[in-house]
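Got a structure for you, questions after.
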Amino acid sequence: QAKVAGKNCYRFYSRTMDQAVERRMRMEHDLRGAWGRGELSLSYQPIFRTRDRVLVGAEALLRWNHPDDGAISPAVFIEVAEQSGLIESIGPEVMRAACQEAARWRTPDGAGEPPFVSVNVSPRQLRSTDLVQQIGTALHEAALSPERLHVELTETAVISDEANATALLARLRETGVRVWLDDFGTGYSSLSHLRRVQVDGLKIDRSFITDLLRDPDDLALTSAIIAMAHSMGITVVAEGVEKQGQYDLLRERDCDLVQGYWLGHPLTAAEFAKLAG
Ligand code: C2E
Ligand code: MG
Ligand code: MG
Ligand code: MG
């Protein structure tokens, strides 16, 4: 009897496991070729200069419109793309499309700099040997000047492979592309690494901004990050600005750039192009 119960238990456990694995495998299967079928697209979330709220750039954010399941969050499918290796084919397409799109943007009055485009690059792409060349090709094909491309890397990706990342970031920056640390403040030992890893900017993680008005610790940390970055000549973006109060506080604390629902939601390429003139 015990043997049977044990067997049933095992089968129950195994079936639950199977479901999770199956779901993942189905997503991986569906994701393969999704770009080619036109299911993947980029949305563009505006980024503003804090001081005068002038539009200065946009972050390209990947969207997946699944034929059966509808919109799937990038927080979910990027993970699958990363672990399955599919990101190695999707990543270059994202880079190419974002550069092509940005090449069409102008400033509304024809004066000043057209907006930059900021593209997320995952840890696995960072380990790919030809990332610098791949980015060079995307820029060349789009005839986009390198200064108008920003590359966002998560703090943890850079720190977990510091020796490789440091060399790669140096090569990237030599080409004129700007390098940003994404989700800054959520990783481990942020400050000491900044001395060695040379970046142009950092994006303060949304988790610091959410309670900025209520939590004095978050305000203290945010102010300290801004001051420290500025002393090193590094630009700061705050992400996840959802309220005017947060924006006012960030302006008062001299945060360079802001991004968030209060200022603008992610837009379709056509919508953003209209905004960018
Ligand atoms: P992220 O790079 O930190 O992007 C910011 C996320 O915050 C985006 O979510 C954006 O829509 C959201 N957001 C912006 N403003 C606000 C706000 O005011 N409030 C709130 N609650 N959220 C806000 P999204 O588009 O769902 O992307 C999630 C993550 O997926 C991104 O985080 C990024 O890590 C990853 N991702 C997106 N597109 C790509 C891509 O093309 N390549 C790679 N490797 N990763 C990507
Ligand atoms: Mg990002
Ligand atoms: Mg971020
Ligand atoms: Mg984030």
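Scan P92, P114 and give me the residue that is part of a loop (DSSP other than H, G, I, E, B) and out of contact with any His (no Cβ under 8 Å at 6 or more places or on another chain). Break it down stepwise before answering.
Numbers: P92 fails: part of a loop (DSSP other than H, G, I, E, B).
Residue meeting the stated conditions: P114.
Taking the stretch 30-47, which residues are free of Cβ contacts under 8 Å to residues at least 60 places away in the same chain and either over 13 Å from P67 (Cα atoms) or in a loop (DSSP other than H, G, I, E, B) (or both)?
Of the stretch 30-47, the ones free of Cβ contacts under 8 Å to residues at least 60 places away in the same chain are 30-40.
Scanning the stretch 30-47 gives R32, G33, A34, W35, G36, R37, G38, E39.
Of everything in the stretch 64-105 that's charged (D, E, K, R) and away from ligand 3 (no atom under 16 Å from the Cβ), which residue is surrounded by the most Cβ atoms within 10 Å (Cβ to Cβ)? Spell out how you get there, then give the answer.
The first filter runs over the stretch 64-105 and keeps only residues charged (D, E, K, R), leaving 68-69, 79, 82, 88, 93, 96, 101, 104.
Those left that are additionally away from ligand 3 (no atom under 16 Å from the Cβ): 68-69, 88, 93, 96, 101, 104.
Working: D68: 5, D69: 11, E88: 16, E93: 15, R96: 17, E101: 21, R104: 13.
Looking at the filtered set, the residue picked out is E101.
Filter the stretch 166-182 for residues that are in contact with a helix residue (DSSP H, G or I) (Cβ under 8 Å, 6 or more places away or on another chain) and surrounded by 20 or more Cβ atoms within 10 Å (Cβ to Cβ) and give the result. Can you show your working first?
In the first step, residues of the stretch 166-182 are kept if they are in contact with a helix residue (DSSP H, G or I) (Cβ under 8 Å, 6 or more places away or on another chain); the result is 166, 168-169, 171-172, 175-179, 181-182.
Correct list: L168, L169, L172, V177, R178, V179, L181, D182.
Keeping to the stretch 181-203, report how many residues are modelled with pLDDT of 90 or more and under 15 Å from T166 (Cβ atoms). I'd like the intermediate steps shown before the answer.
Here is the first cut: in the stretch 181-203, the residues modelled with pLDDT of 90 or more are 181-184, 199-203.
From the residues that got through so far, the ones that are under 15 Å from T166 (Cβ atoms) too are 181, 199-200.
Summing the residues that are modelled with pLDDT of 90 or more and under 15 Å from T166 (Cβ atoms) in the stretch 181-203 gives 3.
From the list G264, G277, G187, pick out the single residue that is surrounded by 17 or more Cβ atoms within 10 Å (Cβ to Cβ) and closer than 20 Å to I47 by Cα. Please lay out each step first, then the result.
Details: G277 fails: surrounded by 17 or more Cβ atoms within 10 Å (Cβ to Cβ); G187 fails: closer than 20 Å to I47 by Cα.
From the options G264, G277, G187, the qualifying one is G264.
Which residues, counting only those in the stretch 23-40, are within 20 Å of V151 (Cβ to Cβ) and in contact with a strand residue (DSSP E or B) (Cβ under 8 Å, 6 or more places away or on another chain)? Step through it out loud before you land on a result.
We begin by selecting, within the stretch 23-40, every residue within 20 Å of V151 (Cβ to Cβ); these are 35, 40.
Scanning the stretch 23-40 gives a single hit, L40.
Next question, about the same structure. Considering only the stretch 97-111, I want to know if a residue exists there that is within 16 Å of ligand 4 (Cβ to nearest atom) and on the phi < 0 side of the Ramachandran plot.
Start the filter on the stretch 97-111 by keeping residues that are within 16 Å of ligand 4 (Cβ to nearest atom), which leaves none.
Within the stretch 97-111, not a single residue is within 16 Å of ligand 4 (Cβ to nearest atom) and on the phi < 0 side of the Ramachandran plot.
The values are calculated or read from the model by the stated rules, or taken from the named source; none is laboratory data. Keep in mind the model is a prediction, meaning the values are calculated, not measured. Don't worry about glycine lacking a Cβ; one is built from the backbone with ideal geometry, like all the others, and counts go over all protein chains shown.
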